[in-house]
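The values are calculated or read from the model by the stated rules, or taken from the named source; none is laboratory data. Owing to the predicted nature of the structure, the values given are computational and were not obtained by experimental measurement. Cβ atoms come from the backbone with ideal geometry, glycine included; neighbour counts cover every protein chain shown.
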Amino acid sequence: MGGVNQYGGGGTSRRAFTVIELLVVISIIVVLLAILLPALHRAQEQARAVVCQSNLRQSGIFLTLYTAQNDEKFFQNLPVGSGIPGWYWPMWDYFAEEPEILLCPSAKVHRRLPDVDPDWGGGSRTAWEFARARASYGTNHWITAMGEDRRHHPWASWAWETPSIRGASQAPVFLECMFGGGSPLRFDGPPIDHDTHVMIKGECNTAHFCINRHKETVNGLFMDGAVRKVGLKELWTLKWHRQYDTAGPWTRAGGVEPADWPVWMRKFQDY
């Protein structure tokens with residue numbers, strides 16, 4: 001027979017949680033969060049990478065439109081100090097209505113760095129900024145047309161100038177970058193860490209693209225219109241210009257040793 005409460009009715013008594021039971025519940029919640037949060041973070045990162053690749057595909061469409069209207073030729077490279085941010089001019093008008101296309105979701109904000117021009121470089125999680133333009137991507141400057149400079153430029157035979165080439169799937173056009181672009185050379189070295197502009201040796205052009213933005217990879221648009229992930233060490237095996245040695249000193253074929261890479265890159269996949 002049930003007990004009688006103070007109001008004369010029947011009922012059962014309620015027992016409060018003990019401290020130990022509360023601690024057990026909290027422990028279970030903590031364990032679940034520890035399991036779910038990394039998965040949520042991975043899902044968010046994958047979503048950002050998908051948007052990033054979509055941006056590059058749209059950039060590829062703009063580039064196709066530009067070359068179709070200009071005798072299948074790329075634009076001419078602009079001199080340093082022109083005040084115009086590299087490949088975004090004369091293509092800037094293509095992006096004027098959708099400037100977000102120029103920003104990877106993982107690197108939208110420009111962070112001013114004390115060791116470089118504060119209005120310039122970006123990093124693995126930051127955009128670069130120059131002449132009031134902000135972007136997360138940069139061009140392979142070797143795609144550009146030489147124009148009148150062809151007769152005088154010592155490296156004129158290296159430039160692609162047109163997208164109609166053999167091996168287009170290995171020739172990069174736009175990639176995620178800490179600057180507006182670069183002109184990679186076979187002896188270029190990697191940066192000393194994932195978020196700096198200081199090289200361990202050689203020139204810095206390839207290192208402009210060597211940023212750990214998407215788990216040991218960056219996204220890139222290639223001459224054939226394809227967009228894909230590029231391993232950071234794979235950057236040295238791409239066909240940057242017509243004379244580029246894809247088996248150079250920073251590739252397995254060229255004899256690079258694990259200890260040659262900066263510490264932050266040594267465990268990355270080799271190419």
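Restricting the first member to segment 157-186 and to residues that are touching a residue at least 40 places away in the same chain (Cβ under 8 Å) and within 26 Å of G122 (Cβ to Cβ), and the second to residues that are part of a loop (DSSP other than H, G, I, E, B) and among the aliphatic types (A, V, I, L, M), the beta-carbon pairs closer than 6 Å and six or more apart or on different chains are A159/M146; Q170/L238; A171/M223; P172/L238; V173/M223; M178/I211.
Of all residues assigned to segment 190-200, none qualifies as being over 30 Å from R42 (Cα atoms), in a loop (DSSP other than H, G, I, E, B) and touching a Cys at 6+ places or on another chain (Cβ under 9 Å).
Within segment 173-189, the set of residues being farther than 13 Å from T144 by Cβ and in contact with a Leu (Cβ under 8 Å, 6 or more places away or on another chain) comprises L175, P184.
Residues being in contact with a His (Cβ under 6 Å, 6 or more places away or on another chain) and at pLDDT 90 or above: count how many of those fall in segment 139-150.
Adding up the residues that qualify gives 1.
Answer yes if at least one residue in segment 257-264 is part of a helix (DSSP H, G or I), over 13 Å from the mean Cα position of the chain (by Cα), modelled with pLDDT under 95 and of a type in the set (A, V, I, L, M), and no otherwise. The answer is yes; a qualifying residue exists. Only a single item in (1) assigned to a helix (DSSP H, G or I); (2) without any contact (Cβ under 8 Å) to a residue 24 or more places away in the chain; (3) not aliphatic (A, V, I, L, M) is not met by G254, and it is number (1).
For segment 152-198: of the residues being closer than 25 Å to S54 by Cβ and acidic (D, E), which is surrounded by the fewest Cβ atoms within 10 Å (Cβ to Cβ)? The residue in question is D195. When A68, A107 are checked against the criterion of being modelled with pLDDT of 85 or more and within 17 Å of G182 (Cβ to Cβ), a single residue qualifies: A107.
Please tell me if A207 is surrounded by 18 or more Cβ atoms within 10 Å (Cβ to Cβ) and under 30 Å from T67 (Cα atoms). It is true that A207 is surrounded by 18 or more Cβ atoms within 10 Å (Cβ to Cβ) and under 30 Å from T67 (Cα atoms).
Considering only residues that are in a loop (DSSP other than H, G, I, E, B) and under 17 Å from G202 (Cβ atoms), which ones fall in segment 232-242?
L232, L238, W240, H241
Being surrounded by fewer than 16 Cβ atoms within 10 Å (Cβ to Cβ) and either among the basic types (K, R) or modelled with pLDDT of 95 or more (or both) is a description that does not apply to R213.
If you go through segment 151-182 and keep only what is part of a loop (DSSP other than H, G, I, E, B), of a type outside the set (A, V, I, L, M, F, W, C) and at pLDDT 90 or above, you end up with E161, T162, P163, S164, R166, G167. Per the conditions (1) surrounded by 15 or more Cβ atoms within 10 Å (Cβ to Cβ); (2) out of contact with any Leu (no Cβ under 7 Å at 6 or more places or on another chain); (3) part of a strand (DSSP E or B), the sole criterion not satisfied by R228 is (1).
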